[in-house]
Amino acid sequence: MQTQIQGIEDRIRNRIAEIVGPQKYKIWFKNSTQFSHGDGYLKVGVPNLFIGSFIEDHFADVIQQVAAEIFETPLQISYAIDPVLFRKLRKSQLNSQAAFMVQGADRNGNDLRDPDAAATNGNGAQRVESTSRKPRGRLDQFVVGSNNRMAYTMVMSIVENPLAESTPLFIYSGCGLGKTHLLQGIANGLSEQQPDVRWLYVSGEEFTNQFILALRERRLDAFRHRFRDIDVLLLDDMQFIANKKATQEEFLHTFNAINANAKRVVLASDAHPKMMSDLSESLTNRIVAGMVVKIDRPDKATRCEILRRRAALTQHAVPAPVIDYIAEKINANVRELEGCLVKLIAYASLTKSEVTLDLARQALEDHLTQTGKLLTISDIEQNVATFFGLTPADLHTSRNPVQLRWLATLPASGTQAHKLQLS
């Protein structure tokens, strides 16, 4: 029996090595993984969270493909820290992985600091991809509702005709409402429908890190070539660069260069441009001159559809009353919504029970007790601004000094301040 198990693991390892190549297999799999299977799962043991996250982000599709080939059926992939691997991990292995990351290698082993290392399509045109991971979001998996219909429509128009106009698109929302999904959906949509279009998907943090690296190594020309000689730039989490003056200035030049060539810039952030107080005025003006679209929280009908689709992917039967119950109780964001469903299904599997309304109440009781309606910073800002006759943006900027000086003169314990009620 042990021999058979070892034989299966060897087949998994050999096949992964064939797909990813000997260098990446040696760095990320040879001494850093342990494979086991059972009950419809393939468990990937890893020595620490960093390696596990990297493998999941970069090689999840490879592992899924190998599991389907060897076991001849789709398996759920799970990742867990293995104490034995943790103790065995050698310093030399950690050093090689760190060097791989610093080198800036992408999922195909290319050095991303070198603009000539970008992939090419069958027609020989350069197709620039994400700097660190393959985008997962797909537009055909995005649930459209009244809260996000405008953003989705704008995104689809870019995929269908990316070079029709050069108007920038800025999408903003709270966490977990789908803006990253939409940006990644553009990347995947362009790859499939517009293979000649050169696109680049990065986060604000990745843009900053690559800019700093280019400055340090005096490779600004290569950096600018990579970010400006493209058709569509997709920048996620733009708030990351809001308080970094040098990075903002470089991004503004990048923005202007792309726009001047009648290309597209699509940005996403967790706040409106005017609500990011450290964002330069020139960059703010360039952004708001384009299309600025907000994604709101999904209504109940949309939440139910999200849960139905997520349940279908798990291949577990989730009755309509359970879907309705979760959608009624959870209205913060999509991630929390899906997290509750995953927790319920895991609880049902653990107790070997069917998913029922009573089981949902039992499994999610603690979660729902601790996650009632939260008073957010946005709620506070809106109420304070309304009370004092300001806009929320005024609370983040000095561009309206008269009103803000008046506000500062009010006594902190005055009777008016005590009348403020936050709903």
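The values are calculated or read from the model by the stated rules, or taken from the named source; none is laboratory data. Keep in mind that what you see is a predicted model, and the values were worked out from it rather than measured. Counting neighbours? That spans all protein chains shown, and the Cβs are built from the backbone with ideal geometry, glycine included.
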_Quick test of your reading of the structure: residue 290 fulfils all but one of (1) in the same structural domain as residue 201 (by TED's automatic domain parsing); (2) in contact with a Lys or Arg (Cβ under 9 Å, 6 or more places away or on another chain). Name the failing condition by number._
(2)
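Is it the case, given these coordinates, that residue 358 is of a type outside the set (Phe, Trp, Tyr), in a helix (DSSP H, G or I) and surrounded by fewer than 16 Cβ atoms within 10 Å (Cβ to Cβ)?
yes
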_Can you find a residue that is part of a loop (DSSP other than H, G, I, E, B), of a type outside the set (Ser, Thr, Tyr), at positive phi and out of contact with any strand residue (DSSP E or B) (no Cβ under 9 Å at 6 or more places or on another chain) anywhere in segment 40-60?_
no
*asked:* Criterion first (of a type in the set (Ser, Thr, Tyr), surrounded by fewer than 22 Cβ atoms within 10 Å (Cβ to Cβ) and closer than 15 Å to residue 172 by Cβ) does residue 302 satisfy it?
replied: no
_Leading residue by the ranking (surrounded by the most Cβ atoms within 10 Å (Cβ to Cβ)) among those in segment 19-50 that are within 27 Å of residue 314 (Cα to Cα) and among the hydroxyl-bearing types (Ser, Thr, Tyr)_ = 33
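Within segment 311-326, identify whether any single residue is in a helix (DSSP H, G or I) and modelled with pLDDT under 85, and answer yes or no.
Here is the first cut: in segment 311-326, the ones in a helix (DSSP H, G or I) are 311-314, 320-326.
Within this subset, residues satisfying the condition of being modelled with pLDDT under 85 are 313-314.
Checked segment 311-326: at least one residue is in a helix (DSSP H, G or I) and modelled with pLDDT under 85.
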*Applying the selection to segment 211-229, what residues are crowded, with 21+ Cβ neighbours inside 10 Å and closer than 29 Å to residue 174 by Cβ?*
211, 227
*Any residue in segment 348-361 that is within 28 Å of residue 179 (Cβ to Cβ) and modelled with pLDDT under 90?*
no
_Please count how many residues of segment 258-276 are hydrophobic (A, V, I, L, M, F, W, C) and either at pLDDT 90 or above or within 18 Å of the chain's Cα centre (by Cα) (or both)._
6
*asked:* Among the residues of segment 202-228, what is the count of those that are over 15 Å from residue 251 (Cβ atoms), touching a residue at least 24 places away in the same chain (Cβ under 8 Å) and not aliphatic (A, V, I, L, M)?
replied: 3
*asked:* Going through 297, 303 one at a time, which residue ends up being outside any strand (DSSP E or B) and touching a helix residue (DSSP H, G or I) at 6+ places or on another chain (Cβ under 6 Å)?
replied: 303
*Those residues of segment 306-341 which are loosely packed, with under 14 Cβ neighbours inside 10 Å and under 21 Å from the mean Cα position of the chain (by Cα), in sequence order*: 309, 313, 335
*Any residue in segment 203-217 that is more than 19 Å from residue 290 (Cβ to Cβ) and assigned to a strand (DSSP E or B)?*
yes
*Please give the number of the condition residue 233 fails out of (1) among the hydrophobic types (A, V, I, L, M, F, W, C); (2) closer than 19 Å to residue 183 by Cα; (3) surrounded by fewer than 20 Cβ atoms within 10 Å (Cβ to Cβ).*
(3)
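The rows are residues; the columns are (1) at pLDDT below 75; (2) touching a Gly at 6+ places or on another chain (Cβ under 9 Å).
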position	(1), (2)
129	yes, no
142	no, yes
153	no, no
172	no, no
179	no, no
